[in-house]
Amino acid sequence: NKQRPFYIMKTFKALESTKTDQGNTLSIIEKSIDDLPEGEILIKVNYSSLNYKDALSASGAPGVTRNYPHTPGIDAAGIVEQTTDSKFKEGDSVIVTGYDLGMNTAGGFGEYIRVPSSWVINLPKGLTEKDSMILGTAGLTAGLSIQALDDFNSNDGFDGSSSVVSGSTGGVGSVAVMLLSKLGSTVTAVTGKNNQKELLEALGASEIISREELSELSRTPIGKTIWDFGVDVVSGNILTLLLASLKPGGAVACSGLVGGPSFESSIFPFILRGNALLGIDSVEIPLQKKLQVWENFASNWKLDLSSLAKEVSLEDLENEISTILAGGQVGRVLVNLS
């Protein structure tokens, strides 16, 4: 009999979420490569990262993942082990974020993934696998937010501008604070974690205010002009207040709904000040747009990420998932599978 290829015989570790009558349970299991879905590229995952969406999938939140048992992880960076697509070769370092990875396709909380080649980009020179996953989907979303704001501003840049970032200790917010500061904006960080002032100052925030202080600064339906740009991951009343406080020609890039899926506003910011609300999708956008942001992070947007991430193993993930669901995550959680 012809011997089967070595990769078919491999088993690997993965975090698996299983639905029970008492709720979802998490465990580290051994899986076979044969368990993975069809796809052109088999990747040995070296790093992943923990996002809020991963925690929702892991905990069985309605409307996120359809079928269990399931391995979450919407981010993965690693090495191509097998490919049927000539655009890639074995040994390439690659990144996969978004699309269906970790949602209904086995994700980056396993040591191997198999995915369509249309989800995969080569790791840009100047960016390590580790740094790409410290950034992960959160960093990508922050980068897309800053790019959208710059495009709205006719690519005039951020030097000398004023900006505000909500959810500033979280994944998207912390990277947005760092990036806006690097690009020359004076950043106000809005946070519900009053004990994280030193962290936010280290990230580049010039001013740190609480949600209550934001409510005192801003007035609805339209208040005094305070900021040129906003990055919002909260929505709800926070987004309402940010929109009411923009300078003429300003914009808010919104990518999250931690504060709920709805917000109230009026027409005044839009017709009296020419403001804009820019929606940010990091999941289904064309691969080329993702690549552009990753290449920026590898070059003119390069950040010192050493203080931003907590590095954990697969075995540590359950505790981190509980923390992020409770609103306690600070910075980024890097998952080391190498």
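The values are calculated or read from the model by the stated rules, or taken from the named source; none is laboratory data. Bear in mind the structure is a predicted one, so any value in this text is a computation, not a measurement. Using ideal geometry, Cβ is built from the backbone for each residue, glycine included, and neighbour counts are taken over all protein chains shown. Surface areas here come from the heavy atoms of the whole protein model, side chains and all, with no ligands, DNA or RNA. Shrake-Rupley method; radii C 1.70, N 1.55, O 1.52, S 1.80 Å.
Within segment 150-174, restricting attention to residues that are open to solvent by less than 20 Å² (accessible area, probe 1.4 Å) and closer than 19 Å to Lys302 by Cβ, which residue is modelled with the lowest pLDDT?
Among them, the one singled out is Gly171.
How many residues are part of a strand (DSSP E or B) and either open to solvent by less than 20 Å² (accessible area, probe 1.4 Å) or out of contact with any Asp or Glu (no Cβ under 9 Å at 6 or more places or on another chain) (or both) if we restrict to segment 184-208?
Qualifying residue count for the region: 6.
For segment 87-102, how many residues meet the condition of being within 19 Å of Ile33 (Cα to Cα), within 20 Å of the chain's Cα centre (by Cα) and open to solvent by 20 Å² or more (accessible area, probe 1.4 Å)?
Of the residues in that region, 1 qualify.
Mind counting the residues in segment 14-24 that are more than 24 Å from the chain's Cα centre (by Cα) and in a strand (DSSP E or B)?
Counting residues in segment 14-24 that are more than 24 Å from the chain's Cα centre (by Cα) and in a strand (DSSP E or B) gives 4.
Among the numbered conditions (1) within 17 Å of Glu318 (Cα to Cα); (2) assigned to a strand (DSSP E or B), tell me where Ile95 comes up short.
Of (1) within 17 Å of Glu318 (Cα to Cα); (2) assigned to a strand (DSSP E or B), only one is false for Ile95: (1).
For (1) in a loop (DSSP other than H, G, I, E, B); (2) among the polar types (S, T, N, Q), each residue gets a yes or a no:
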| position | (1), (2) |
| --- | --- |
| Leu303 | yes, no |
| Ser306 | yes, yes |
| Glu318 | no, no |
| Thr323 | no, yes |
| Val335 | no, no |
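Identify, please: which residue in segment 103-122 is under 19 Å from Trp294 (Cα atoms) and under 17 Å from the mean Cα position of the chain (by Cα) and is, among those, most open to solvent (accessible area, probe 1.4 Å)?
Among those residues, the one meeting the criterion is Trp119.
State the number of residues belonging to segment 152-178 that are farther than 9 Å from Val231 by Cβ, hydroxyl-bearing (Ser, Thr, Tyr) and not in a loop (DSSP other than H, G, I, E, B).
2
Quickly run through segment 237-257 and pick out the residues that are assigned to a helix (DSSP H, G or I), within 20 Å of the chain's Cα centre (by Cα) and under 19 Å from Ile267 (Cβ atoms).
Listed by number, the list holds a single entry, Leu239.
Of all residues in segment 236-257 being open to solvent by 10 Å² or more (accessible area, probe 1.4 Å) and under 21 Å from Ile285 (Cβ atoms), which is modelled with the lowest pLDDT?
Leu257
Is it the case that some residue within segment 232-239 is in contact with a Phe, Trp or Tyr (Cβ under 7 Å, 6 or more places away or on another chain), of a type in the set (A, V, I, L, M, F, W, C) and more than 30 Å from Thr97 (Cα to Cα)?
no
Quick check on this structure: which one of Phe297, Phe263 is buried (at least 17 other Cβ atoms within 10 Å of the Cβ), farther than 22 Å from Leu183 by Cβ and within 25 Å of the chain's Cα centre (by Cα)?
Phe263
Across segment 53-108, what is the total count of residues that are on the phi > 0 side of the Ramachandran plot and hydroxyl-bearing (Ser, Thr, Tyr)?
1
Go through segment 209-224 and give me each residue that's in a loop (DSSP other than H, G, I, E, B) and open to solvent by less than 70 Å² (accessible area, probe 1.4 Å).
Ser218, Pro221, Ile222, Gly223, listed by residue number.
Being closer than 23 Å to Asp151 by Cα, charged (D, E, K, R) and part of a loop (DSSP other than H, G, I, E, B) narrows it down to one of Asp281, Asp228, so name that one.
Only one candidate qualifies: Asp281.
Return yes when Ser181 is hydroxyl-bearing (Ser, Thr, Tyr) and assigned to a helix (DSSP H, G or I) and no when it is not.
yes
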